[in-house]
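Every read-out reported here was derived from the displayed coordinates using simple, explicitly stated rules and does not represent laboratory data. Remember, it's a predicted structure, so these values are computed and weren't measured experimentally. Glycine also receives a Cβ, built like all others from the backbone with ideal geometry; neighbour counts cover every protein chain displayed.
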């Protein structure tokens, strides 16, 4: 297992991170604990969760994921685990959180309330990487970064990160922190996969120049790159099978991930993977890790047997001809996820 630094921080992590967003909904506690144990045994030391997990967001189980991760954390040496969690972003924009009566924000009260609740659920006195789950571009970044800096100074948080952020937002946050000499974002957690390479357009250059690391989520395209949705497939219990039967944000997300272009590109990537002697899942995870601006790729499974194809990407480096074949597909089927 290779290890890389998070931005300019003191923290070095395994280049695969285990995500936990289905734990407590799609994945029950017993299965979640087995997945976490197997991941640790495979050499993964980086684990990502959020106060708003599991998905889909629902008041009946919100916070359950952190409780499960906290239970598991007690079985391991705390300093052997790099633990990341997130404070929810504002609920008046594209997404309404079930937390705090749907009145979440990135102001002092909400951030302090969130971090204290996360520390309790996780059963720890510090969080290694604390992230804003989605931004509030109308709130001055100085207000958010000031309280986050306080958490670092108090020792409750080691380093900071953001998620679902834009180039403008990342630069504004860095400028706000640098102006007062406060703690800055060292990571950005955005969607990045074979089916969604938009991060390379602008944000990759911001990361390179500013010393910020991407920790990409959905490297398997939300499971789409496994091929399970191709040829009309709608696997029972799968996330987008459920989302496509729902309304609003979930339905829109389902259509973004599962559409004619994304299924066509997935079929092409499957051919490349087969010729290279691996599954498309293994190809997708290895490809994600093979970027200079990526520190650790966040993977997620809902079933224990899905781990094998991910673990096959540990220490795997794709050959130049494989990377060229992937780039060819990306040029011919541009922006499959819109």
So how do 274, 228 line up by other beta-carbon neighbours within 10 Å, fewest first? 274, 228
Helix 248-257 versus the longest principal axis of the chain: what angle, 0 to 90°, nearest 10, using Cα atoms? 50
Length-normalised contact order of the chain in % [C-alpha pairs under 8 Å, at least 6 apart]: 18
Estimated inter-spin distance, residue 112 and residue 8, nm [label 7 Å along Cα→Cβ]: 2.9
GNM result for the chain, Cα springs below 10 Å: residue of 223, 102, 248 fluctuating most strongly: 248
Contact order normalised by length for the stretch 3-189, with contacts defined as Cα pairs under 8 Å and 6 or more residues apart; what percent is it? 18
Determine the percent antiparallel among the DSSP beta bridges restricted to the stretch 1-126, to the nearest 5. 30
If the chain between residue 264 and residue 180 were fully extended at 0.36 nm per residue, the gain over the current Cα-Cα distance would be 25.4 nm
Considering only the chain, percent of DSSP beta bridges that pair antiparallel, nearest 5: 15
Under the 0.36 nm per residue contour assumption, what length would be gained going from the current alpha-carbon distance of residue 242 and residue 34 to full extension? 72.4 nm
Listed with the fewest Cβ neighbours within 10 Å leading, 184, 108, 158 appear as 108, 158, 184
Just check the stretch 237-324 against the gyration tensor rule for me: Cα atoms, a ≥ b ≥ c as the square roots of the eigenvalues, rounded for a/c under 1.5, and otherwise prolate or oblate depending on whether a/b exceeds b/c. prolate
So, in nm, how far is label residue 166 from label residue 80 when the simple model puts each one 7 Å beyond its Cα toward the Cβ? 4.4
So for 146, 321, fewest C-beta neighbours within 10 Å to most, what's the order? 321, 146
With everything on Cα atoms, drop me the angle between helix 64-73 and the longest principal axis of the chain, reported from 0 to 90° to the nearest 10. 90
C-alpha long axis of helix 280-289 to longest principal axis of the chain, angle in °: 40
Given labels modelled 7 Å from the Cα in the Cβ direction, how far is it in nm from residue 94 to residue 150? 3.0
State whether the stretch 3-189 is rounded, prolate or oblate according to the following rule on the C-alpha gyration tensor (a ≥ b ≥ c being the square roots of its eigenvalues): a/c under 1.5 gives rounded; otherwise a/b larger than b/c gives prolate, and the remaining case gives oblate. oblate
